[in-house]
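A short reminder: the numbers here are calculations on the coordinates, not readings from a lab. The structure displayed is predicted, hence computed values, not measured ones. So basically every Cβ, Gly included, is an ideal-geometry build from the backbone, and we count neighbours across all protein chains shown.
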Amino acid sequence: MRILAVDPGEKRLGIAISDPTGTLASPLTVLKHVARPIDAATIDGLAHEHEAGLIVVGQALDDDNQPTPQSRRAERLAEAIRSQSELPVVLWDESDSTQIARQARIQMGVSRRKRAGHLDDLAAAIILQSYLDAHPPLKF
């Protein structure tokens with residue numbers, strides 16, 4: 001089953017998708033934040049277009065695993081998606097995903113000038129890979 005992940009931000013939403021086996025995450029796209037209901041409808045549309053069976057929304061928690069203002073925004077986005085989609089929506093800890101994405105680009109040898117752009121889709125892939133690693137597919 002494919003899984004779609006969202007890295008919610010104030011200006012942009014990073015989107016990632018898993019492979020059909022649900023084991024490998026890849027960046028998909030970056031959406032410009034418009035309004036929560038419109039963002040939710042777009043995310044649901046992408047999930048259906050890519051035949052996802054689950055949507056994971058990244059949620060930032062503080063060092064004590066407590067909600068932050070950003071995590072409350074993620075919760076509201078998840079609720080908006082749930083209200084427009086029949087797919088299950090889960091929240092998943094996204095702590096440090098952007099920093100990990102930035103470090104990955106450095107390790108890949110991407111020049112400083114090219115690294116200056118957004119990392120939202122790569123951060124979404126990191127969130128999704130973390131979720132996939134914690135929830136390996138069932139083997140029959």
Does THR23 qualify as being surrounded by fewer than 20 Cβ atoms within 10 Å (Cβ to Cβ), within 15 Å of ALA125 (Cα to Cα) and β-branched (Val, Ile, Thr)?
yes
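Tell me, which residue of region 60-71 that is at negative phi and exposed (fewer than 13 other Cβ atoms within 10 Å of the Cβ) is farthest from the chain's Cα centre (by Cα)?
Of everything passing the filter in region 60-71, ASP64 is farthest from the chain's Cα centre (by Cα).
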Looking only at region 8-20, filter to residues that are of a type outside the set (D, E, K, R) and touching a strand residue (DSSP E or B) at 6+ places or on another chain (Cβ under 7 Å); which one of those is surrounded by the fewest Cβ atoms within 10 Å (Cβ to Cβ)?
PRO20
Within region 30-72, take every residue that is without any contact (Cβ under 8 Å) to a residue 24 or more places away in the chain and assigned to a strand (DSSP E or B) and give me the one that is farthest from GLY9 (Cα to Cα).
PRO67
Mind listing just one residue for me: the one in region 28-59 that is touching a strand residue (DSSP E or B) at 6+ places or on another chain (Cβ under 8 Å) and of a type in the set (Val, Ile, Thr) and, of those, surrounded by the fewest Cβ atoms within 10 Å (Cβ to Cβ)?
THR29
